[in-house]
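Any read-out appearing in this document is the output of simple, stated calculations on the displayed coordinates, not a laboratory observation. For clarity, every value in this text was computed on a predicted model and none was experimentally measured. Cβ atoms come from the backbone with ideal geometry, glycine included; neighbour counts cover every protein chain shown.
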């Protein structure tokens, strides 16, 4: 959840315009004629810039795999993308992903989509609303540090609470989000409390939730500085949008393609229990829990994420694709 709102990837952006007027900044990496495209969706308060290590690795050839084409984009209201005029909810971010998929990838080239946190929720929303894309255009899915519903449940809901208590706490989170949107002063106060003192940001609750084992002092300090550069009301608005996410029982389309789920064992934002719920809702999905890691798993363990993409390429249905034959599934 480290925030890099104003940074941009090293390559120029092309705009994709949505129906409500948002300009989505899309970045293209690697050979445009590569036989596979990987589409990367970042999380809340982050940007396409955070995928740079993964893109650098994926766009180079590796033994047994071609170099892929990588597409990254700034979610609306993040990085270089504008907010647009639409009512902000997770279904809208799913539609944005569908627009990027349609305009920035080739119809004749298979796509693997990979999403972290809010990006993973956008993928779920797309699967729920446009299931026919999966198995046809989209041939593999990676969901990292994300959840099926009840965003941030692990921060507030004990595992043994009955369903009624869970629902009350879920409503309380939505009321909190609504209150922050109505009161800029409250939003700014919560913003500062979450990030903590810049001299010792690791003492703040946000960073204890985001990072796993180890001090991560410089990473936490960098994230805290960047997080404070994002307007408090923008953070509050997107938090409110996150509370609308619920794809329970709506992800049958993901059973049509290889789906891999990664979660850090120490993730308090989208904890392992939520990852298990997500895996149980997608027939055939493979769940991997990573010891010692928190919510920022993809950025602390980029090699693992790249290996996961290569695993998805192995598991894609065997067929001729752009001049190379995808291998049969095999463990890394």
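Available extension along the chain between residue 273 and residue 250 is 6.4 nm, counting 0.36 nm per residue and deducting the alpha carbon span. If the segment from residue 19 to residue 33 were pulled out straight at 0.36 nm per residue, it would be longer than the present Cα-Cα gap by 2.2 nm. Summed over all non-identical Cα pairs, the Kirkwood treatment of the stretch 6-119 gives a radius of 14.1 Å. Projecting label points 7 angstrom from Cα along Cα→Cβ for residue 106 and residue 129 puts them 2.8 nm apart.
Separation of the stretch 30-50 from the stretch 231-265 is 18 Å, based on Cα centroids. Hydrodynamic estimate: the Kirkwood radius of the stretch 62-156 over Cα pairs, inserted into Stokes-Einstein at 20 °C and 1.002 mPa s, corresponds to D of 147 µm²/s. Inter-label distance, residue 59 to residue 303: 2.2 nm, where each label sits 7 Å from its Cα along the C-beta direction.
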